[in-house]
1. So which of G457, G421 ends up being at positive phi and not assigned by TED's automatic domain parsing to the domain that holds W580?
2. Name the one entry in Q218, Q191 that is out of contact with any helix residue (DSSP H, G or I) (no Cβ under 9 Å at 6 or more places or on another chain) and either modelled with pLDDT of 95 or more or surrounded by 19 or more Cβ atoms within 10 Å (Cβ to Cβ) (or both).
3. May I ask you to verify whether K389 is over 23 Å from D188 (Cβ atoms) and among the basic types (K, R)?
4. For region 619-641, give me the residue count where each residue is over 30 Å from T540 (Cβ atoms), among the small types (G, A, S) and over 27 Å from the mean Cα position of the chain (by Cα).
5. Select from region 279-337 the residues that are farther than 29 Å from H113 by Cα and among the charged types (D, E, K, R) and list them in ascending order.
6. State yes or no: is T393 under 30 Å from A532 (Cβ atoms) and among the β-branched types (V, I, T)?
7. Suppose we filter region 367-401 for residues that are modelled with pLDDT of 90 or more and under 30 Å from A309 (Cα atoms); how many remain?
8. Please work out which one of (1) assigned to a loop (DSSP other than H, G, I, E, B); (2) of a type in the set (S, T, N, Q); (3) closer than 26 Å to M630 by Cβ is the condition T488 fails and give its number.
Amino acid sequence: MKLFHPFLPALVGLFALILTAAAQPIRGVWDPVCGLPALDLTGIGNPGGYRLSGVDDLQAGNWESLLDLTLGTDPTRWHDMNGHAKGRRFYRLEKLEIRPPRVPVANFRLVDHLGVARELYREGDAAVIVLVFGDNAEIQTHWPAIKSLAEKHQPNGAVFWIINPRDTRDQIATLAQTQSISLPILHDRSQALSRAFGCAYAFEVVALDNSDLSAFYQGALEHSHETTAGRMRRTYLADALDSFFAGNPPVISRAVPAESPMPLRDWGTLDYSRDIAPVLIDKCVRCHSPGNIGSYAMTNHQAVASRSAKIRRDLLTGDMPPWHADPRYAALGNDFSLAPADLDKLVAWLDAGAQRGDGPDILETTPPPVPNDWELGTPDYIIDIPEQKVPATGTVNYRYLLVFSPFTTNTWLRAAVLKPGNRAVVHHGLVFAASTPQEFVDIEGGLNGYFAAYVPGLDPVEFPASTGKLLKANSLFAVQMHYTVNGTATTDRSQLGLYFSREVPTHELKTKAGYNTDFVINPKSRNTRVVATNTFTTATWLYEVGPHMHCRGQDMQFEAEFPNGIREVLVSIPAYRFNWQTLYRLTEPRLLPAGTIVRISGGFDNTQWNPANPDPSATVKFGEQSWEEMFIGYMNVAEAR
């Protein structure tokens, strides 16, 4: 059913309907007080879903969708708040015989203005999640209305997130402070999330039913118009939320915003060969190639296009590439995350259908990295660790294996790599080196550092420039191996590879740590906070930090408190992942004056919404097994000389 009606602002009164197939004609009203056209949609025909569109030039036929709404028998009148700016406008109402299904939205994760990671699928306790998209100027304009809605509906289980795709984190944080904005403002620095939600206007809201993560309203927050009788408002989001919490579908499920277009990047037509494949080769193929760690190989366009949904999801959640440090703080030399523009480009290409284009498929013609047992090349010396039998089932306690160093003189190393022999069962391994019994005691089973390590996600790398680790003469290696069973009895023969320094380094690198073993994580608790410290009594260079927690680990931050009282965040990991325990290397080492305290703070998520959580009902304390927890912040340091 299509109904057309023209409005002429120069005239006042009712206007004839051009075309109608309704049981009752639509009445057009021109209100001389508010100066706006209105449509009386009461009793036009069969109840159901409709779409209202408008056009200024009927001959051109460029209809703009204005509303998606559900009509029944109740009186329904709609004012076109933009009508006062139109010289002539026609309207069309179409019956939606088959309404599009409400499709669940994809998961995403962004960091807010306070440095907290917010992930959609971890908000499972919410009834509604309201996403408010806009830049600082629009947020400031609309903040009173947003605040009012949040205060009304948060007690009902509504979560409100503001999402800014335009301003910097510092600008966003300043706005939140000066305007006393109490809601999280998520930084969509790549603009990919705003693009993924189809936000075409400078200010747009989305309301999600958290029971199925589908949108029950998207569009304008409200429409308003100043009249001689006062301000006229149509509160679309407020009405939709009231309907939802009353157990009813909203009358209006979409209303086009009055704001200008959202100024997102315009990629035009993206070319796979020119724009996409080079990014995949640079950031993805090193793992996603035959024989490497990636779960599939990006060998050609088809291999990528067939996994579009998974790749898109991993990009929006930040799970791929697996880099979890907050870019707001110190520059990190081993940062292999996607540049924001590249992430946005990939999402735009995927959403456009992941088209092949006409250029060559350089994924096919560019040789992928060749898998190498030793990623740094063959070691100068390899120490075989005694073979271990791993049962099919049960709990395997930590095993400590002793191996004597063959070197009778002090030896400087540029790298030390522990290579697991059977990755299917090796959970992690730590190597400790000591030349006296007291040195083993001081290590405290790894709480105070290690000589070499293997943990999931840790890349084998050489030690930072001008540093090396000293292997003292006649040392003894104690190798701590942690195995997890997988249902099949098997064996493991891991190896320790040593790489010699060609010259004596300027600084001796040591791995230290701040840790806390005295914590309790209550069942189903969402954000249990833990703090550890390490005080440096001498001036020290800090090169790298590495967070270590288990499955409930949520975030960790390394902060320096200098002797003069100034505090500085060094590295922040707002989204810790147990399977990717990265060692974050500062681009420039940080000098910590004598007396500096490094404060390590973090949190644990013991809810059912943490997909890695082995048991949300458990009370969790410090322990060695992965279903227990640890809180250790490792630091690679060298005494300043």
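The values are calculated or read from the model by the stated rules, or taken from the named source; none is laboratory data. What you see is a predicted model; the values in this text were computed from it and never measured. No Cβ is skipped: glycine too gets one built from the backbone with ideal geometry, and neighbour counts run over all protein chains shown.
1. G457
2. After ruling out the rest, the residue left standing is Q218.
3. Yes, satisfied.
4. Selection size over region 619-641: 1.
5. So in region 279-337, the residues farther than 29 Å from H113 by Cα come out as 280-282, 285-308.
Scanning region 279-337 gives D282, R286, R307.
6. Considered against the rule, which asks whether it is under 30 Å from A532 (Cβ atoms) and among the β-branched types (V, I, T), T393 comes out as no.
7. Residues meeting the conditions: 0.
8. So the condition that T488 fails would be (3).
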